[in-house]
1. Does His136 qualify as being within 22 Å of Glu5 (Cα to Cα), more than 13 Å from the chain's Cα centre (by Cα) and touching a residue at least 12 places away in the same chain (Cβ under 8 Å)?
2. Name the pairs: first residue in segment 25-37 and under 23 Å from Ala67 (Cβ atoms), second residue part of a loop (DSSP other than H, G, I, E, B), Cβ to Cβ under 7 Å, at least 6 apart or on different chains?
3. Looking at segment 108-128, which of the residues that are more than 16 Å from the chain's Cα centre (by Cα) and under 17 Å from Ala71 (Cβ atoms) is least open to solvent (accessible area, probe 1.4 Å)?
4. Of the residues Ala217, Ala183, which is of a type in the set (A, V, I, L, M), open to solvent by 10 Å² or more (accessible area, probe 1.4 Å) and in contact with a Phe, Trp or Tyr (Cβ under 8 Å, 6 or more places away or on another chain)?
5. Of all residues being more than 16 Å from the ligand (Cβ to nearest atom) and among the hydrophobic types (A, V, I, L, M, F, W, C) in segment 1-29, which is farthest from Ile140 (Cα to Cα)? Just the residue, please.
6. Of these, Asp61, Asp104, which one is of a type outside the set (S, T, N, Q), more than 14 Å from the ligand (Cβ to nearest atom) and open to solvent by 10 Å² or more (accessible area, probe 1.4 Å)?
7. Among the residues of segment 220-243, what is the count of those that are farther than 18 Å from Gly187 by Cα and exposed (fewer than 15 other Cβ atoms within 10 Å of the Cβ)?
8. Kindly provide the set of residues from segment 137-160 that are part of a strand (DSSP E or B) and within 13 Å of the ligand (Cβ to nearest atom), ordered by number.
Amino acid sequence: MSWLENHVALVTGANSGIGLAVVRRFFEEGARGIGVLIRSAAHVDALQKEFGDKIVITVGDVRSPDANQEAVAATVDKFGKLDTLVGNAGVWDHFAGLRKYEGDSLKSTFEEVFGVNVLGYLLAAHAAAPALRESHGSMIFTLSNASFYAGGGGPVYVASKHAGVGLVKQLAYELAPDIRVNAVAPGGTVTPLKGPQALGRENDRLSDIPGFADSVAQAMPLGFIAQPEDHTGHYVLLASRKNSSATTAAILQSDCGWEIRGRQSRKTQK
Ligand SMILES: NC(=O)c1ccc[n+]([C@@H]2O[C@H](COP(=O)([O-])OP(=O)(O)OC[C@H]3O[C@@H](n4cnc5c(N)ncnc54)[C@H](O)[C@@H]3O)[C@@H](O)[C@H]2O)c1
């Protein structure tokens with residue numbers, strides 16, 4: 001029997017990168033249906049073509065309470081229940097350091113990045129909690145190496161992903177024993193993660209930064225940069241009632257060893 005047999009999930013930001021890889025993997029593991037909340041209607045046809053009537057699509061902004069409520073309602077209407085919410089939609093700040101900001105751009109960048117990365121997760125949790133309480137399901141949020149360490153972005157992104165740690169712990173505390181709340185924290189990954197509109201970086205992709213993949217691979221103890229698929233097993237494990245029923249408030253790091261950077265050079269010195 002597969003780990004997610006008959007499972008129903010809702011994934012935000014599911015049209016690309018880690019979210020799309022999670023949707024594919026959940027189906028491989030036996031999921032019955034998945035609701036997706038995506039920002040742009042431009043991706044509807046491709047998702048429909050790939051997954052047919054196994055998915056139900058809501059187009060909307062994760063910063064909107066209504067969009068989150070609609071996505072949960074559409075998922076439960078179509079598939080009869082909700083077992084797992086994957087809060088995943090995110091925006092990066094393209095390493096914008098404090099000195100780069102001028103005028104109101106720090107305030108507007110903060111509002112946009114925290115709006116998507118923090119408020120978006122809270123609104124999804126609020127919308128999904130009643131259905132998850134009924135199914136004794138779980139929430140999984142996509143955090144980051146930037147949830148624990150400096151250097152994965154500028155202060156706005158890093159602070160937003162640190163805030164995600166508090167969100168996971170407080171929600172896990174509040175929603176126990178009915179709903180488990182956990183997270184996966186990827187490190188640098190080859191995805192089209194975009195920047196904020198507030199900085200005019202909404203079309204700039206992380207994966208297009210010259211030399212990004214090589215520099216991540218060189219800096220990581222495991223010596224490679226992850227693809228979205230490299231993280232998906234953690235989401236399967238955390239979603240699986242059979243295999244992680246005793247796990248809540250956990251954050252699984254999937255970052256090729258950020259915490260132990262530099263150890264290799266010491267090992268080779270002897
Ligand atoms: N790529 C990396 O190196 C990396 C590392 C650590 C953590 N992450 C996190 O992984 C998550 C997924 O990002 P990804 O790397 O797969 O990039 P991605 O761009 O492929 O995925 C992000 C998704 O969020 C969606 N999104 C952004 N703003 C939205 C909004 N306002 N409303 C609805 N949807 C919105 C985008 O359309 C996109 O589908 C993010 O939370 C990101 O912070 C990424």
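1. Values: within 22 Å of Glu5 (Cα to Cα): yes; more than 13 Å from the chain's Cα centre (by Cα): yes; touching a residue at least 12 places away in the same chain (Cβ under 8 Å): yes.
Yes: the conditions hold for His136.
2. Phe26/Leu4; Phe26/His7; Ala31/Leu4; Ala31/His7; Val36/Ala14; Leu37/Gly60; Leu37/Val62
3. This residue is Ala127.
4. On the way: Ala183 fails: open to solvent by 10 Å² or more (accessible area, probe 1.4 Å).
When all the criteria are applied, what remains is Ala217.
5. Among those that are more than 16 Å from the ligand (Cβ to nearest atom) and among the hydrophobic types (A, V, I, L, M, F, W, C), it is Met1.
6. Values: Asp61 fails: more than 14 Å from the ligand (Cβ to nearest atom).
Just one listed residue meets the conditions, Asp104.
7. Result for segment 220-243: 2.
8. The initial filter retains those residues of segment 137-160 that are part of a strand (DSSP E or B), namely 138-142.
Passing the criteria: Ile140, Phe141, Thr142.
The values are calculated or read from the model by the stated rules, or taken from the named source; none is laboratory data. Keep in mind that what you see is a predicted model, and the values were worked out from it rather than measured. Using ideal geometry, Cβ is built from the backbone for each residue, glycine included, and neighbour counts are taken over all protein chains shown. The accessibility values were calculated without ligands, DNA or RNA, using every heavy atom of the protein model including side chains. Shrake-Rupley method; radii C 1.70, N 1.55, O 1.52, S 1.80 Å.
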